[in-house]
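The values are calculated or read from the model by the stated rules, or taken from the named source; none is laboratory data. Since the model is a prediction, treat every value here as computed from it, not as a measurement. Heads up, the Cβs are rebuilt from the backbone with ideal geometry, glycines too, and the neighbour counts pull from every protein chain shown.
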Amino acid sequence: MTTVSSAPRLTRADGSPVRVLVVDDEPNLAELLTSALRYEGWDVQAALDGQGAIKLAQQVEPDVVVLDIMLPDLDGLSVLRRIRQTHPYLPVLFLTARDGVEDRVAGLTAGGDDYVTKPFSLEEVVARIRALLRRSGSATAQRDSTITVGDLVMDEDAHEVTRGGEEIHLTATEFELLRYLMRNAKRVLSKAQILDRVWQYDFGGQANIVELYISYLRRKIDAGREPMIHTLRGVGYVLKPAASQAEVPVGAGTRGA
């Protein structure tokens, strides 16, 4: 199971979620990165090519960019130069499949702030991004550890969960799974995404481990109450406020994430 992070949540100065732009032409990798960064409570957009990245950078005004050097249309260095014309101080983390000194030097010389070499761990990417955000002053640490979805409340620091004010006792794995669902409230998560984030591995191919733990959560979260955890057959799972809680905002405490 993924180790619970003790790192403080990072937000923008106004308390809104950090904005991250992920650029990689491998859809599966882009999806994994997006999912992992959203797990941090950040607002993540993804592009699969250089032109799309340039357009998104203008639209979303990201706080940091994760940029693959090898793209199908423009190479990452060209994309960086184009983005830096309007965002001269935007932090950029390069992803590269090549570990040659020349490639690393070229990326850093072009204005990249850091790089990781494929294959990499998601935890390393998150750590590098957090370091870039702190150095650039784009984000500040928030101490509030509460995530709220409808009447479901999780205190990450105290490891406490309540629904409608009633305490719910969870195992460590159940807690981590619920945290992932709550941080991605209203987003459909596939079994593969859940396995990668909560268990990190495919658990010997036993994808039914996800179904098993979802059933455990339902017994504790939804039993005798309006359901919050829903199954989209053939797609995945989604957690959202119960029908009677539809007007209650989905958020992460005072962080606004």
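Just to be sure before I move on: is D114 surrounded by fewer than 21 Cβ atoms within 10 Å (Cβ to Cβ) and either over 30 Å from L195 (Cβ atoms) or at pLDDT 90 or above (or both) in the structure I sent?
Details: surrounded by fewer than 21 Cβ atoms within 10 Å (Cβ to Cβ): yes; either over 30 Å from L195 (Cβ atoms) or at pLDDT 90 or above (or both): no.
Taking the combined requirement at face value, the residue does not satisfy it.
Inspection of segment 22-39 finds no residue satisfying the criterion of being more than 17 Å from A131 (Cα to Cα), charged (D, E, K, R), part of a helix (DSSP H, G or I) and free of Cβ contacts under 8 Å to residues at least 40 places away in the same chain.
Looking at Y237, Y216, which is the one that is surrounded by 18 or more Cβ atoms within 10 Å (Cβ to Cβ), touching a residue at least 24 places away in the same chain (Cβ under 8 Å), hydroxyl-bearing (S, T, Y) and within 26 Å of S145 (Cα to Cα)? Quick ask: steps written out before the conclusion?
Details: Y216 fails: surrounded by 18 or more Cβ atoms within 10 Å (Cβ to Cβ).
Going through Y237, Y216 in turn, the sole match is Y237.
Before we move on, is T173 surrounded by fewer than 19 Cβ atoms within 10 Å (Cβ to Cβ), in the same structural domain as I221 (by TED's automatic domain parsing) and free of Cβ contacts under 8 Å to residues at least 24 places away in the same chain? It is false that T173 is surrounded by fewer than 19 Cβ atoms within 10 Å (Cβ to Cβ), in the same structural domain as I221 (by TED's automatic domain parsing) and free of Cβ contacts under 8 Å to residues at least 24 places away in the same chain.
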